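Each reported figure results from applying straightforward, stated rules to the coordinates on display, with no laboratory input. What you see is a predicted model, and the numbers here were worked out from it, not measured in a lab. Don't worry about glycine lacking a Cβ; one is built from the backbone with ideal geometry, like all the others, and counts go over all protein chains shown.
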Amino acid sequence: MLLSPPFLPPALPNETEDHFINRAMVPGPPGDGSFPVSFEMNWHGGIHLTAPAAGGGKVLPVRAIADGIVTFVRKPTKRSTDAKHPLNYRGGWTDDGCVVIKHETDIGVDAASNTITKVKFFSVYMHLGAMAALKVNDRVFRKDELGAAGSIYGDPNRLHLEIVCDDENVEKLTGRKTPFTPTDGRSDVVFGSLWFQIPFGTSFFGSEPEAGKPLPPVVFTNADAALIFSVTFKGSDAETRTFSIGGRPIGGPLTEAGFVDKLVKRGQDQFPQSQSAGVEVVRFGRVLGPDPLVPATAPNWHEVAHASGTGFVDLNAAGVHRFSDADFPSWEGGSFKSGWVLVDGSSTVDGRCAELRVIDLLDINNDLLVDRKEAHTRLNDPKTVEGLSRKICKFPTEWDPATVEQRWQFLTTEPPPRLTKAEFEKLKAHMIAVAFWQGTGPGLAGTHWHFHPREFIRQFRKCVWLSEDELAQCIPKKIAGLTNSTFSNGNIMGFATATTRAQKWNPALNLVMRKYLISHTPLRIAHFLAQVFTESSFLKFVKEIQGELASYAPFYGRGLIQLTNLDNYKRYGKYRDFPTNHPTTNATFSALGWDPDVLIATSDTVFDAANSADTATFFWARPAANNGNHRADGGFAVADMVSLSKFVNGNVSEEKLNGLDFRIGIFVYLKYILLDLVRPGATESVTFDWRRNSRKELLFEADGVTPKLDAAGNQKTGFIRKTHTVAMPLDHQKP
């Protein structure tokens with residue numbers, strides 16, 4: 001799932017993800033379109049956002065948050081100065097333009113059954129003042145313009161955004177159908193921070209225990225209650241924190257510098273008998289893939305803060321429960337009161353919230369009732385608003401015209417009445433004028449689950465699991481390549497072929513990108529796929545062309561970023577714990593002991609997708625310093641693209657890099673697919689140094705006249721460096 005905010009302001013230098021989301025999704029005043037309730041305690045299914053301005057003060061357009069299908073469109077009513085018009089209310093005009101989009105995508109896979117975890121949800125964009133030319137059943141793509149934010153009660157540049165789903169999909173999205181996080185985390189969807197529930201009675205050792213040596217002294221035992229321990233990956237580092245079971249921080253954060261860079265090395269060193277599974281234990285706190293951990297009880301030691309210092313705890317010990325952000329932890333945010341909780345308010349009789357898990361955050365005098373004054377006070381409190389933003393609530397939509405009177409009648413009946421009959425009729429007319437949801441509305445029953453839109457986007461941007469459709473879009477339609485001395489655009493493939501390729505490699509690519517933290521950021525994915533697509537000719541070749549004729553045969557290249565030479569095959573076989581007496585091994589591979597034709601690739605049509613993809617990511621993440629992830633984090637300048645190309649294709653001068661034109665062109669295309677950048681047009685101009693001609697040329701001395709000769713007296717040939725400025729095509733690969 002690829003997600004972005006509905007507004008895309010240009011990124012700021014060194015901006016964090018959280019800062020970008022907060023800047024892109026600026027809420028209105030407290031109580032004005034707050035989530036999930038208003039000052040009147042009426043359920044409110046979304047948030048009101050203010051459209052930010054870009055350079056020059058131009059207000060940014062509203063964009064689709066993800067790929068999807070339009071299920072409802074209503075063009076905005078032409079503005080009227082008639083004070084009696086139902087859209088003229090509370091002193092100003094309210095725009096009624098609306099678009100609803102159904103999103104169906106993937107977020108993971110159940111490894112046991114090889115079943116993709118597919119989800120469906122809807123995004124609602126209300127109060128649009130202008131709209132793109134859209135109609136029902138149109139296909140839209142993430143970042144496509146939908147229109148312009150309109151007015152709410154005369155306040156301009158405002159948008160009401162909702163994200164909603166049904167019962168089946170709230171369970172798929174959160175991993176549960178009960179209010180709180182279950183005993184153990186899900187294994188089909190894993191992303192973001194890792195969370196460990198450490199049982200009471202756990203011993204904390206003063207230093208990391210070593211195999212075969214006596215245990216160090218115990219410095220602490222959490223005798224009273226379980227603890228929560230979190231691991232968050234930040235760039236190359238890992239930040240860890242400890243909390244009480246109720247969410248109270250214990251000690252300060254600890255940072256393990258270079259954790260991500262050393263991921264593979266740490267797995268190999270700590271779990272020498274099962275290195276690949278060991279990497280998963282280090283990465284996820286458990287084994288998710290096919291390679292078993294030997295022994296299954298091998299310890300995973302981590303330094304953990306406790307009440308009076310720090311100590312080492314085995315996070316692979318019996319009784320430790322493991323989670324990730326994909327489990328929407330109930331303790332996140334400082335307490336169960338502030339964590340992720342499912343709240344079923346579908347039994348409401350008048351549209352007002354009576355659910356204790358919401359009231360508890362708003363009730364000041366503890367009488368289990370929330371009056372308007374209490375609501376006003378609490379909805380102006382940032383901590384309360386943060387807690388409410390993690391409530392996932394089921395209740396009837398506010399957009400059903402048939403329920404308007406039922407939901408708002410209390411304003412005329414409860415003492416003291418706040419509206420006269422005439423005033424209520426005006427309110428009702430206004431509410432009916434903006435309403436649109438009848439029956440199943442745009443494809444969903446009127447009572448459904450609501451997520452806080454900003455927090456939903458923040459949470460699922462950590463997932464970055466590419467659906468087949470999204471992976472197909474990553475394969476460019478065209479690339480500018482050098483032929484002889486001229487760059488020209490060449491057609492790569494259409495969407496049907498790209499989809500076929502994506503089907504073959506999904507979920508294998510997603511699983512290994514998740515394992516090696518490549519999918520930790522879209523930038524890493526863009527750099528990785530640019531290299532993989534070039535090396536494999538866009539997921540076509542997994543075997544070196546005419547490798548059988550190479551001097552290093554039979555250990556020629558296999559895999560997406562190809563293993564080559566016997567030593568590398570041995571290293572990878574040990575890492576994966578391939579048996580050295582593989583039953584299908586023939587005499588050709590006796591020096592290796594396992595058959596790469598069986599376990600990786602016989603040909604470009606007979607291959608093991610999981611192993612072939614893993615060889616590429618193992619290569620990418622294996623070095624403990626300056627590996628692929630580390631280099632990718634540098635950014636998207638030409639120097640970063642060249643650095644990754646040298647890492648993959650050999651540390652040679654630029655003109656000797658094979659396929660540098662494609663590596664750069666693919667990355668330039670991918671950054672507009674995977675990142676939050678908006679395409680500037682049909683092309684982007686890129687300047688870089690490479691070879692002057694696609695073919696080797698005759699070489700001359702510095703005078704340009706005297707031939708360079710080899711030892712036999714023949715004129716040498718080679719590539720000559722030249723600076724190119726190329727218009728790289730950005731044609732979107734889509735149906």
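Note on Ala639/Ala550: beta-carbon distance plugged into 1/(1 + (r/R0)^6) with R0 of 30 Å gives a FRET efficiency of 0.40. Treating r as the C-beta distance of Ala225 and Ser685 and R0 as 56 Å, the FRET efficiency rounds to 0.40. Based on every Cα atom in the chain, Rg and the maximum pairwise Cα distance Dmax equal 29.0, 106 Å. Computed over the stretch 194-327, the percent of Cα pairs more than 23 Å apart is 30.
The trypsin sites (Lys or Arg not before Pro) of the stretch 144-186 meeting both criteria, a DSSP state outside H, G, I, E and B (loop) and at most 13 other C-beta atoms within 10 angstrom of the site's C-beta, are Lys177.
Along its principal axes, the stretch 1-63 has C-alpha extents of 40, 29, 20 angstrom, given from the largest down. The orientation-averaged shadow of the Cα convex hull for the stretch 446-527, equal to a quarter of the hull surface, comes to 8.6 nm². The relative contact order of the chain, computed from alpha carbon pairs under 8 Å that lie at least 6 residues apart in sequence, is 12 percent.
Dipole magnitude for the chain: computed about the Cα centre from +1 point charges on Lys and Arg Cβ and -1 point charges on Asp and Glu Cβ, it is near 1400 debye. In this rough spin-label picture, where each label sits 7 Å from Cα along the Cβ direction, the Asn693-Thr486 distance is 1.5 nm. The loop-placed trypsin sites (Lys or Arg not before Pro) in the stretch 13-76, going by DSSP, that have at most 16 neighbouring Cβ atoms within 10 Å of their Cβ come out as Lys58. Along the axis of the charge dipole computed for the chain (Cβ charges of +1 for Lys and Arg, -1 for Asp and Glu, origin at the Cα centre), the listed residues Ala435, Gly201, Phe191 are led at the positive end by Ala435. For the stretch 103-210, the Kirkwood hydrodynamic radius from C-alpha pairs, put into Stokes-Einstein at 20 °C and a viscosity of 1.002 mPa s, yields a diffusion coefficient of 116 µm² per second. Note on the chain: helix-only mean residue ellipticity at 222 nm, from DSSP H runs of 4+ residues weighted -39500 (n - 2.57) and normalised by residue number, equals -7000 deg cm²/dmol. With a cut-off of 8 Å between alpha carbons and a minimum separation of six or more residues, what is the relative contact order of the stretch 401-442 in percent? RCO, the stretch 401-442: 49 percent. Divided by 2.2 N^0.38 Å, where N counts the residues, the Cα radius of gyration of the stretch 283-375 comes to 1.68.
Return P(r) of the stretch 96-146 (all Cα-Cα pairs; 10 Å bins starting at 0; whole %; ordered from short to long distances). For the stretch 96-146, the binned pair fractions read 20, 42, 21, 13, 4 percent.
Working note: Cα gyration tensor of the stretch 411-483, eigenvalues times five, square-rooted, sorted largest first, giving semi-axes of 50, 16, 14 Å. A simple rule links phi to the HN-Hα coupling: the Karplus curve 6.51 cos²θ - 1.76 cosθ + 1.60 with θ = phi - 60°, which for the stretch 310-322 gives 9, x, 9, 10, 7, 7, 9, 6, 4, x, 7, 9, 10 Hz, with x for Gly and Pro. What fraction of the Cα pairs in the stretch 1-124, stated in percent, has a spacing above 19 angstrom? So the portion of pairs separated by more than 19 Å is 67 percent.
With both labels modelled 7 Å from their Cα along Cα-to-Cβ, the Leu566 to Thr588 distance reads 1.6 nm. Estimated from the Cβ-Cβ distance and a Förster radius of 51 angstrom, the FRET efficiency linking Lys383 and Glu655 is about 0.30. With both labels modelled 7 Å from their Cα along Cα-to-Cβ, the Asp360 to Ala83 distance reads 4.9 nm. Remark: Arg418, Arg241 ranked as Arg418, Arg241, counting other beta-carbon atoms within 10 Å and listing the fewest first. For the stretch 194-327, the relative contact order works out to 26 percent when only alpha carbon pairs closer than 8 Å and six or more residues apart are counted.
Positive-end ranking of Cys353, Pro292, Ala402 along the dipole of the chain, with charges on Cβ about the Cα centre, is headed by Ala402.
Annotation: the residues Glu162, Glu15, sorted from fewest to most other C-beta atoms within 10 Å of their own C-beta, follow the order Glu15, Glu162.
The Stokes-Einstein estimate for the stretch 592-735, based on a Kirkwood radius over Cα pairs and taken at 10 °C with 1.306 mPa s viscosity, is a diffusion coefficient of 86 µm²/s. Derived scalar couplings between HN and Hα for the stretch 651-665 equal 7, 10, 5, 3, 5, 8, 6, 6, x, 4, 4, 5, 4, 6, x Hz in order, rounded to whole Hz, by the Karplus curve 6.51 cos²θ - 1.76 cosθ + 1.60 (θ = phi - 60°), x for Gly and Pro. Extension gain, Ser308 to Ala429, is 37.3 nm, computed as 0.36 nm per intervening residue step minus the present C-alpha separation.
Dividing the Cα radius of gyration of the stretch 242-289 by its Kirkwood radius returns 1.13 for Rg/Rh. Since only Gln562, Phe538, Leu730 are under comparison, the one whose Cα sits farthest along the positive direction of the charge dipole of the chain, derived from C-beta charges on Lys, Arg, Asp and Glu, is Leu730.
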